[in-house]
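Student: So that we are looking at the same thing, I have put the structure below in structure tokens.
The values are calculated or read from the model by the stated rules, or taken from the named source; none is laboratory data. What you are looking at is a predicted structure, and each value in this text was computed from that prediction instead of being measured. When we count neighbours, we look across all protein chains shown, and the Cβ atoms used for this are built from the backbone with ideal geometry, even at glycine. These accessible areas exclude ligands, DNA and RNA; they are computed on the full protein's heavy atoms, side chains included. Shrake-Rupley method; radii C 1.70, N 1.55, O 1.52, S 1.80 Å.
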Amino acid sequence: MKVTKQKFGLLGDGTRVNLFTVKNESMSFSCTDYGATITSIVLNNDDGSKTDVLLGYSTFDKFVNTRSFFGVIVGRFANRIGNAKFTLDGKEYTLDKNDGPNTLHGGFNGYDKVIWDAKPVSKKNCAGVKFTRLSPDGEQGFPGNVKLEITYLLDNKNNLTLYYTATTDKATPINITNHAFFNLAGNGTVHKHIMEMNSTKYLEVNSKLIPTGKLLDVKGTAFDFTKPKEIGKDIKQTGVGYDHCYVTEMYDPENPQCGLPLDASDLVNFAKVKDPSTGHVMEVFTNMEGCQFYSGNYIGKTIGKNGVEYKAHDAFCLETQCFPDTPNKEKFPTCILQPGQKMKAKTVYSFYTEK
């Protein structure tokens, strides 16, 4: 396995943007140093054809001029922070209000709109790309100079592993994830995709999608995926669709550090999704205590790859993360990274075919 590199585009100031592609014998993925974005995940089919199971854009300009979060890194704090502010060590920090009264994915100037330093990585049984950058003190309104390192690795068993590490010189909230939009059929609605989650609880939210602090049982509700179920079966009962944080088996209410992973050695199997039409299966493993399940409710009328117009529910996201609005919720596991600590988050997307 090896990594190939090619020109993807140019920024207005002339900065070159690169596209990296990693292949094994049965799949490949591509990513760019603009936003540390995963631009495609291509699976080989039995008949010799290929299926790109990731929504996004065909050209660099579309990634620059739109903000749909397709495949990008979001942070310093993924998901929402209520009322765009939080208090840490007695000081109140004010953030961007880019989601009504709230902050979403770090605010207006996100990690998805910056160039990351990128370096190909090759090991014995895997290869990929390592992205690094310094998020300076005060960026997006957050405290602390944070050194970030994100690595995407593909192995010979079709596991795409995402490693996230961070250190800081001041206490700061941190919550990094990749916002990949998946469609295992490659096109059309994901209503017929069959999902199963190892999750018995999800976070209750208010009308602005901010957690109330309560963990609700999924049993007997539209949010129950403890047994395999079509994504579209109960979706109308949710309103516009799913946009909720599910609780993984990493959650331990007795361990306040479980929200901020400092050890990447332990993973839990969180979810399995299958497209019956192709047999493509994706499993998700993580060491995070939360995972946002989003059913692509607001991607309608977006012109994506190859000029295809995306519609609502043409994709699903499984974004592993700390609980949303954790900086404002005392009872949620901590998301505060302290000087001297190293955050070590890990997510694995495993692909295979099941007839």
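Student: With the other protein chains left in place, how much accessible area per residue, in square angstrom, belongs to the stretch 1-120 at a 1.4 angstrom probe? If you can, show how the numbers build up before the last one.
Tutor: Details: 5290 Å² over 120 residues.
With all protein chains present, the stretch 1-120 gives 44 Å² per residue.
Student: Something else about it: Along the Cα-to-Cβ line of ASP46, 7 Å from the Cα, sits a label point; which residues in the stretch 314-355 have backbone N less than 12 Å from it?
Tutor: 353-355
Student: What is the distance in Å between the Cα centres of the stretch 225-248 and the stretch 323-355?
Tutor: Using only Cα atoms, the two centres lie 21 Å from each other.
Student: Pulled fully out, how much extra length does the chain show between ASP252 and ASN306, if you take 0.36 nm times their separation in residues and subtract their Cα-Cα distance? Display every interim value, and only then the final one.
Tutor: On the way: separation 54, 0.36 × 54 = 19.44 nm, distance 4.42 nm.
Gain in length upon complete extension: 15.0 nm.
Student: Cross-link partners among lysines for LYS208, C-alpha distance below 22 Å, same-chain residues fewer than 8 apart left out?
Tutor: Reachable lysines: LYS85, LYS97, LYS236, LYS329, LYS331.
Student: Compute and list, largest first, the equivalent-ellipsoid semi-axes of the chain from the alpha carbon gyration tensor, each √(5λ) rounded to a whole angstrom.
Tutor: Computed over the chain, the values are 28, 25, 20 Å.
Student: Go through the cysteines of the chain and tell me which have no other cysteine Cβ under 4.7 Å away.
Tutor: Singleton cysteines: CYS31, CYS126, CYS245, CYS258, CYS291, CYS317.
Student: How big is the gap, in Å, between the Cα center of the stretch 22-39 and the Cα center of the stretch 287-322?
Tutor: If you average the Cα positions of each part, the centres end up 18 Å apart.
Student: Straight-line reach from LYS23: which lysines fall under 20 Å, measuring Cα to Cα and dropping same-chain residues less than 8 apart?
Tutor: LYS2, LYS5, LYS7, LYS50, LYS119, LYS123, LYS124, LYS130, LYS157
Student: Considering only protein heavy atoms, what per residue accessible area in square angstrom results for the stretch 225-340 with a 1.4 angstrom probe?
Tutor: Details: 4820 Å² over 116 residues.
Roughly 42 Å² per residue, with all protein chains present.
Student: Could you tally the net charge around PHE29, taking each other residue with its Cβ under 13 Å from the Cβ of PHE29, Lys/Arg +1 and Asp/Glu -1?
Tutor: Here the count lands on 0.
Student: Which whole-number percentage describes the relative contact order of the stretch 58-119, with Cα contacts under 8 Å and a sequence gap of 6 or more?
Tutor: Normalised by residue count, the contact order of the stretch 58-119 is 34 percent.
Student: Whole-Hz ³J(HN,Hα) for each residue in the stretch 63-76, computed from phi via Karplus 6.51 cos²θ - 1.76 cosθ + 1.60 with θ = phi - 60°, x for glycine and proline: what do you get?
Tutor: These are the phi-based 3J(HN,Hα) values: 5, 6, 9, 10, 9, 9, 6, 5, x, 8, 7, 10, x, 5 Hz.
Student: Please report, in debye to the nearest 20, how large the charge dipole of the chain is about its Cα centre when each Lys and Arg carries +1 at its beta carbon and each Asp and Glu carries -1 there.
Tutor: 600 debye
Student: Indicate the gyration tensor shape class of the stretch 152-193 (rounded, prolate or oblate), computed on the Cα atoms with a ≥ b ≥ c the square roots of the eigenvalues: a/c under 1.5 is rounded; otherwise a/b larger than b/c is prolate and the rest oblate.
Tutor: Oblate.
Student: Note down the magnitude of the dipole of the stretch 32-140 about its Cα centre, charges +1 on Lys and Arg C-beta and -1 on Asp and Glu C-beta and zero elsewhere, to the nearest 20 debye. Can you show the working numbers first?
Tutor: On the way: 14 positive and 13 negative charges, 43 e Å.
So the dipole magnitude of the stretch 32-140 works out to roughly 200 debye.
Student: Please work out the ratio of the alpha-carbon Rg of the stretch 173-269 to 2.2 N^0.38 Å and round it to two decimals.
Tutor: Normalised Rg, Cα atoms only: 1.20.
Student: With a 10 Å cut-off between alpha carbons and a GNM built on the chain, which of LYS272, LYS123, LYS344 moves the most?
Tutor: Among LYS272, LYS123, LYS344, the largest mean-square fluctuation in the Gaussian network model of the chain belongs to LYS123.
Student: How high is the relative contact order of the chain, in percent, with contacts defined as C-alpha pairs under 8 Å that are six or more residues apart?
Tutor: 17 percent
Student: What is the stretch 224-355's relative contact order, in percent, from Cα pairs under 8 angstrom and six or more apart in sequence? Mind dumping the intermediate values first?
Tutor: On the way: 243 pairs, mean separation 40.2, N = 132.
Here the relative contact order equals 30 percent.
Student: Roughly how many debye, to the nearest 20, is the charge dipole of the stretch 198-355 about its Cα centre, given +1 on each Lys and Arg Cβ, -1 on each Asp and Glu Cβ, and no other charges?
Tutor: With Lys and Arg at +1 and Asp and Glu at -1, about 340 debye.
Student: Using just the helices of the chain, give the 222 nm mean residue ellipticity in deg cm²/dmol: DSSP H runs with n ≥ 4 each add -39,500 (n - 2.57), and the total is spread over all residues, rounded to 500.
Tutor: Details: 1 runs with 6 residues, N = 355.
Dividing the helical sum by the residues of the chain leaves -500 deg cm²/dmol.
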